[in-house]
Amino acid sequence: MKIKFCITLMFVGTLVSTVRAQSNDDPTARKLYLDFGGSVGIFIPYDQVKNTNTLLGSNAMTALQLNYHQNYFIKFQFGQTTVDFQSQNDFGTINSLINAKANSTNLGLNIGYQHSFGRWQPFVLAGAGASFIDVPSTSFVNASITVNYTTFSGTYLYINAGGGINFKVSKSFIFYLEGQASTIPQLPNKSSTHLSGISTMIGIKAPL
């Protein structure tokens, strides 16, 4: 039992020493370094439905960023946008109303520039990628007088640009605020275009 206890103490001691050694090494001082993190925020579509409540959504994103000399970076981001969806269709004497959610899963690559002022580090970025969308839809079958409720799915080009600011809390922890404007230009001009808009996010990341 004592041997197991001693081995456990040795393991814990080695682990603590390793963590301390790593903490003394500032990753951002390297020529190339990665940081990994995530953010959540609010999504506001560009176009809104007239005479209805303002549509709002949410945005969650995970990102892996390759930094060069602390100034230039390439950012791989993966996220999902969810927005309130409202659609009304009249099929003769039948009135169809949908009040649900529309989703867009976005996979993109950005390039950007950032510059440090002490602990603060403003940045700008722009990029493109693929957007996988799921939007509620309706259709009417005259033969059976039936309204079909389905989900319209598709893959489209996704373009985004934005900026924000990092705040370096410590060598291993960064807090940041970011805003991104995004659009899915090839979507048909209908209610599903509410997946293009502005995101305001708050997040954390850590240099690796």
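The values are calculated or read from the model by the stated rules, or taken from the named source; none is laboratory data. Fair warning: this is a prediction, and the values are worked out from it, not measured in the lab. Here the Cβ positions follow ideal geometry from the backbone for every residue, glycine too, while neighbour counts run over all protein chains shown. Each accessible area value is taken on the protein alone, full model and side chains, heavy atoms only, with ligands, DNA and RNA left out. Shrake-Rupley method; radii C 1.70, N 1.55, O 1.52, S 1.80 Å.
What the table shows:
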| item | result |
| --- | --- |
| Test: residue in the range 65-81 that is under 22 Å from the mean Cα position of the chain (by Cα), open to solvent by less than 50 Å² (accessible area, probe 1.4 Å) and modelled with pLDDT under 80 | no |
| Filter pass, Thr193 being among the β-branched types (Val, Ile, Thr) and modelled with pLDDT of 90 or more | no |
| Residue pairs meeting the criteria (Cβ under 6 Å; at least 6 apart or on separate chains; first open to solvent by less than 90 Å² (accessible area, probe 1.4 Å), in the range 92-120; second at pLDDT below 75 and of a type in the set (S, T, N, Q)) | Ser96/Asn89; Ser96/Thr138; Ile98/Ser87 |
